[in-house]
């Protein structure tokens with residue numbers, strides 16, 4: 001897959017070097033339509049496009065190659081429509097503004113390749129921001145500034161077969177039901193079938209992300225800064241033949257449910273900040289025993305620095321038929337003890353930390369972070385820099401509490417339910 005992408009981009013770069021480019025851009029007030037015969041490569045360059053109906057740009061490749069450079073697009077009911085039935089469409093656009101419609105529809109079939117680079121994207125009213133459809137070993141890559149929308153869906157994507165999708169945006173915000181809705185089905189090609197999402201901020205008034213991955217052979221890699229939702233932050237369903245890695249660098253904050261998942265999902269979720277949701281930080285649909293997998297096994301890891309508890313606990317198993325509510329629920333004691341909590345240490349030029357288990361081994365390292373599960377005792381060794389001595393070890397972000405020492409003089413703590421350990425060494429100069 002990556003080799004094919006490289007070859008396509010190389011052909012396009014060589015073509016751009018020899019094709020004549022317009023001396024000046026042309027501003028349009030009507031729809032720009034680009035169709036290229038099979039086997040040919042064409043370059044189009046236009047300026048700003050403002051329309052009051054239909055869309056700004058529509059490009060269709062049928063085993064041909066299209067390169068488009070455009071300025072700001074605004075108005076219309078769909079700013080862009082990019083179709084690749086084989087061949088490729090590579091587009092660079094300024095800001096995309098849709099007053100009463102969608103930002104764009106992007107469709108790639110039969111090994112089609114689409115690459116879109118755009119500035120800030122926004123809609124005032126529409127059913128979705130971006131609609132993405134792929135089938136048959138196709139690939140779509142999108143890189144934008146911020147995406148701020150008003151509609152049911154922010155980004156909705158359907159991938160079938162061994163299709164790949166890469167989306168990179170500074171911010172995805174939707175005042176609607178879904179920030180991201182994505183469904184992958186069919187048979188993929190293992191690590192070559194990559195679904196990759198990167199966003200510094202992900203926010204929605206409803207569900208921030210709904211992700212469904214069925215079939216086999218898909219690998220997904222999601223990286224977010226912070227995730228905020230009015231209802232559910234993440235609804236995740238990853239079945240047996242697939243794998244998903246999700247990293248949230250800051251906090252997950254939701255008005256009702258943080259993570260809604262199945263206990264046999266094949267995924268790794270790492271939250272470097274806090275998971276906070278008043279009804280259930282983690283709502284787990286119990287599928288234990290299927291396919292030999294289960295919550296807390298190596299096939300599903302949930303790791304966070306802190307989880308703020310609710311009356312029902314940190315992990316909630318819903319009772320009854322309704323699966324998105326936890327009014328009638330039980331705290332899953334055994335499952336809560338399988339959560340890996342990140343231990344923060346404040347190393348400085350005056351002291352550094354070494355964390356040990358009671359048997360003297362180093363604490364578990366998971367995805368590059370020191371972690372411990374609920375109830376595990378951690379011994380804290382502090383190595384002072386030359387000219388300093390350690391007089392104590394404190395825990396806490398705002399209110400700092402001194403650690404206790406055991407009979408051998410070792411500082412230690414027992415990982416509490418919910419985590420939130422942040423260690424700080426107290427030092428003074430040696431006299």
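Where a number appears in this text, it was derived from the coordinates with a stated rule and is not lab data. Since the structure is predicted, the reported quantities are computational estimates derived from the model, not experimental observations. Here the Cβ is made from the backbone with ideal geometry for all residues, glycine too, and neighbour counts use every protein chain on show.
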Task: Residues of segment 153-190 with amide N under 18 Å of the 7 Å Cα→Cβ point at residue 127 - done: 153-159, 175-183
Task: Efficiency of FRET from Cβ geometry, residue 110 and residue 287, R₀ 41 Å, rounded to 0.05 - done: 0.70
Open item on the list: At a threshold of 8 angstrom on Cα-Cα distance, excluding pairs fewer than six apart, so keeping six or more, what relative contact order does segment 56-204 reach in percent?
Closed with: 17 percent
- [ ] Multiply the residue gap between residue 311 and residue 386 by 0.36 nm, knock off their C-alpha separation, and tell me the result in nm, one decimal place.
- [x] 22.2 nm
Open item on the list: If I model a spin label at residue 150 and residue 362 as a point 7 Å from the Cα along the Cα→Cβ vector, what separation in nanometres do I get?
Closed with: 5.3 nm
Open item on the list: What FRET efficiency comes out for residue 214 versus residue 412 if R0 is 35 angstrom and r is the Cβ-Cβ distance? Round to the nearest 0.05.
Closed with: 0.15
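Determine, for 130, 158, the number of other Cβ atoms within 10 Å of each Cβ, and report the residues in order from fewest to most.
158, 130
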